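This report refers to the structure that appears directly beneath it.
The values are calculated or read from the model by the stated rules, or taken from the named source; none is laboratory data. Predicted model only: the values in this text are computed from it and were never measured. Note that we place each Cβ from the backbone using ideal geometry, even for glycine, and neighbour counts take in every protein chain shown. SASA here: full protein model, heavy atoms, side chains in, ligands and nucleic acids out. Shrake-Rupley method; radii C 1.70, N 1.55, O 1.52, S 1.80 Å.
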Amino acid sequence: MKERYFDTASSFRLLKGRQDPIHAFGNGEIMAYGHGPEWIQMLGAPYSSPTIFGMYVPADEQVQGKTYRHPGTNAWQHDLNKGTIIETASHAHKCLARRWDIKEEFRMEIVPEKYPWYQLKMRDQRALIKDADFAFLIQAPAFMPAYGHYPVGYEICTLVAGKGASLEFGENGAILTMNGKGEMYVASARTMPEAADQLRKAMQTGFDAILAEENELDRAFLQSCAEKRSPLREHALRDEVLAAVEDFLLLTRAQQSGEGGIQAGYNYHYAYVRDQYGTGRGLLASGAVDEAKKILAFYRDTFARHGIIANAQPMGASGYFHIHENDEVEITGYLLLQAAEVLAATGDKELFYSLKPMLNWALKAQLKWLHNDMLPFNGDETYVAGGLLTRLALNHGSFEATLLFIMGGRRYIRVCRELDCLEEWMEGAAEKIESAAANFEKNFRRGDGYITNSLKRLEGLVEPEFRHGVCTCKGHFSWLYRVGEGSYHCSECAGIPASEPCHEEFSLKSTLLMDPFIRAAQVDKEAITEQVKAFLESYRKTGCLPTLPEGNKCLGYDYGLLLLAAAECNLEADDLLRDMLDIRDACGAWVEYYIDSKPESTLCRPWESGMNITAALRYLAKE
């Protein structure tokens, strides 16, 4: 079990989360992201909600200590120089609970979230929660954003109360002063009566009973996963991989909403299709089949209500979707692939049948974008969002989107044939899939290697007049219109000349390695093997795993992609597995990107963690 050291000199607010890892605990309705004893975000209910408040060590407090998770559970303990704090999230009582035993007076600052147009307010509620030493309410109006500028759509009432501390209200927050033993409970719901009922029941139950009950649920969950997981061969790193699996399972379960969607991270309170494919693969590999099925049920229910699945969708909130450029490609391939993989792993035909309206839409949506047997890029593709590929190339042929169309479409149609539910139009779709497969080498192979973006798709292409996404001029997120080849501007940039078009083809490591990860077998096996050997040799010489040649930045799952490819090619990569485990943070998670092997951008990520766990388990699988 890793330990994480906390010092007030490394406050999350000072470092903006870039240095110290964070942990997550939640119950599907309400959750918190923590940095040591601090809460950088408390959010919900639902999971797609604004941050309600944070809880921080004041600048004038001197606090040091260590943070760790209790083995076998998702209860977190902070052993500080001023005392001990333990916290958990209760599924049964729909609350967050915290207990402390403080030897020396310890203060924490509770800060309601402030938005550019609205400041959330704390209001004393000891008159409502009469047996509490402190109590307050924060009401978030329906227009507050769950993510970006997308409103939740209804009011959220958050009640907090406890004993063994005093609360001194200020202009925009309060100071919680703890001394001795005490407890705190947080409940959140759409209405104040619901929140009050949950809070009172939690306080009546007490922290010890809540912790024992939640620990029992956590242990039962982990045991169920272990029983469903494939056995591993004997290996020096076997126990460490299994410890990483436990970290992944508990951190991911904490971030999975009751509806089934999973947080993309503490700064993305939405469920992203791409992210949930990688997370779902990790859940299946780890034995959490019910949690993997819930992801698909979330998509099914969202599609039934709105007739669309976008780049990202809200969990439990109103139907405001996060729509990027070319949102009907790539993610739609993931939907088809994920449905087929879950069916293969679980045999749940009823779930598959219930998904068919959405899956039919996902396949048909991709057919509209085919040109020269290729699909374009989705605008939120990881290496586009990470600046590794320019947005000016979004209408080029995408290796990955086309690969997902071929593999996802093939598997979906094959399953429909096996279950005798093939529809007439699918025969025409199958022909287009096979045409894309037949021309894949011509479109994406250059000499001995493969490229990420093919200029061949531009031949004879009439680019769309409009799209929704990121302005190629000033980076605003809005409706855009075409001003030149590959250039799309927002209304604010009207009259500004188009950028020079991109006529360069790039080769990104993660693109090629996606073929073995999704078991596509579309790329020549000998070519894959030689490339994997070259990637491993370069890594062993430089200690660096850049996504772009000569770069220093890699995607957080590039380690897993290369490790799984090595396993598929029967290549030894113990050193890569060792290094991949070592770059996990002290809370047991991988992050969004690494620069010179140091974490960058979003922490506590289910997606990168899921893909790397999938690779680790595949590498150590018994043959």
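If you go through the range 241-257 one residue at a time, how many are in contact with a helix residue (DSSP H, G or I) (Cβ under 8 Å, 6 or more places away or on another chain) and open to solvent by 40 Å² or more (accessible area, probe 1.4 Å)? Total satisfying the criteria: 2. Could you tell me which residue of the range 48-63 is farthest from I30 (Cα to Cα), considering only residues that are exposed (fewer than 15 other Cβ atoms within 10 Å of the Cβ) and not acidic (D, E)? Checked the range 48-63; the qualifying residue farthest from I30 (Cα to Cα) is Q62.
Just one of the listed residues (R98, R107) is under 16 Å from I210 (Cβ atoms), among the basic types (K, R) and assigned to a strand (DSSP E or B), namely R98. Among the residues of the range 526-554, those identified as without any contact (Cβ under 8 Å) to a residue 12 or more places away in the chain, closer than 19 Å to Y450 by Cβ, part of a helix (DSSP H, G or I) and not polar (S, T, N, Q) are E526, A534, E537.
Among the residues of the range 555-596, which ones are free of Cβ contacts under 8 Å to residues at least 60 places away in the same chain and in a loop (DSSP other than H, G, I, E, B)?
Step one: list which residues in the range 555-596 are free of Cβ contacts under 8 Å to residues at least 60 places away in the same chain, which gives 556, 558-573, 575-576, 579-580, 582-583, 590-591, 594-596.
Of everything in the range 555-596, those that are free of Cβ contacts under 8 Å to residues at least 60 places away in the same chain and in a loop (DSSP other than H, G, I, E, B) turn out to be G556, C569, N570, L571, E572, A573, I583, W590, V591, D596.
Selection of the range 354-389 for residues being surrounded by 16 or more Cβ atoms within 10 Å (Cβ to Cβ) and among the charged types (D, E, K, R) yields K356, D373, D380, E381.
Where residues in the range 29-88 are in a strand (DSSP E or B), over 23 Å from the mean Cα position of the chain (by Cα) and of a type in the set (A, V, I, L, M), which of them is farthest from V245 (Cα to Cα)? So, considering only residues that are in a strand (DSSP E or B), over 23 Å from the mean Cα position of the chain (by Cα) and of a type in the set (A, V, I, L, M), the one farthest from V245 (Cα to Cα) is M55.
Are any of the residues in the range 202-213 open to solvent by less than 30 Å² (accessible area, probe 1.4 Å), in a strand (DSSP E or B) and under 30 Å from N81 (Cα atoms)? Among the residues of the range 202-213, not one is open to solvent by less than 30 Å² (accessible area, probe 1.4 Å), in a strand (DSSP E or B) and under 30 Å from N81 (Cα atoms), which makes the answer no.
A count restricted to the range 573-613 and to residues that are open to solvent by less than 10 Å² (accessible area, probe 1.4 Å) and either out of contact with any strand residue (DSSP E or B) (no Cβ under 6 Å at 6 or more places or on another chain) or acidic (D, E) (or both) stands at 15.
When each of A236, A243 is tested for being among the aliphatic types (A, V, I, L, M) and assigned to a helix (DSSP H, G or I), the lone residue that passes is A243.
Can you tell me which residues in the range 216-240 are under 12 Å from A616 (Cα atoms) and buried (at least 16 other Cβ atoms within 10 Å of the Cβ)? Let's see the steps before the verdict.
Applying the first criterion (under 12 Å from A616 (Cα atoms)) to the range 216-240 yields 232-233, 235, 237-240.
Result: L232, L237, E240.
Which of (1) more than 18 Å from the chain's Cα centre (by Cα); (2) within 23 Å of L581 (Cβ to Cβ); (3) aliphatic (A, V, I, L, M) does A244 not meet, given it meets every other one? Evaluating A244 over (1) more than 18 Å from the chain's Cα centre (by Cα); (2) within 23 Å of L581 (Cβ to Cβ); (3) aliphatic (A, V, I, L, M) leaves (1) as the failure. Among the helices (runs of 4 or more DSSP H) confined to the range 385-458, the ones with at least 1 residues that are closer than 18 Å to L508 by Cα are located at 399-418, 440-444.
If only residues of the range 446-457 that are in contact (Cβ under 8 Å) with a residue 12 or more places away in the chain and open to solvent by 40 Å² or more (accessible area, probe 1.4 Å) are counted, the one that is nearest to Q531 (Cα to Cα) is D448.
Of the residues making up the range 459-490, those that are of a type in the set (A, V, I, L, M, F, W, C) and either touching a residue at least 40 places away in the same chain (Cβ under 8 Å) or in a strand (DSSP E or B) (or both) are L461, F466, V470, F477, W479, L480, V483. Being at negative phi and not hydrophobic (A, V, I, L, M, F, W, C) is the filter here; which residues of the range 503-522 pass it? Once the filter is applied, which keeps residues that are at negative phi and not hydrophobic (A, V, I, L, M, F, W, C), the range 503-522 yields H503, E504, E505, S507, K509, S510, T511, D515, P516, Q522. If you take the residues in the range 306-353 that are touching a His at 6+ places or on another chain (Cβ under 6 Å) and open to solvent by 10 Å² or more (accessible area, probe 1.4 Å), which one is modelled with the highest pLDDT? My answer is I323.
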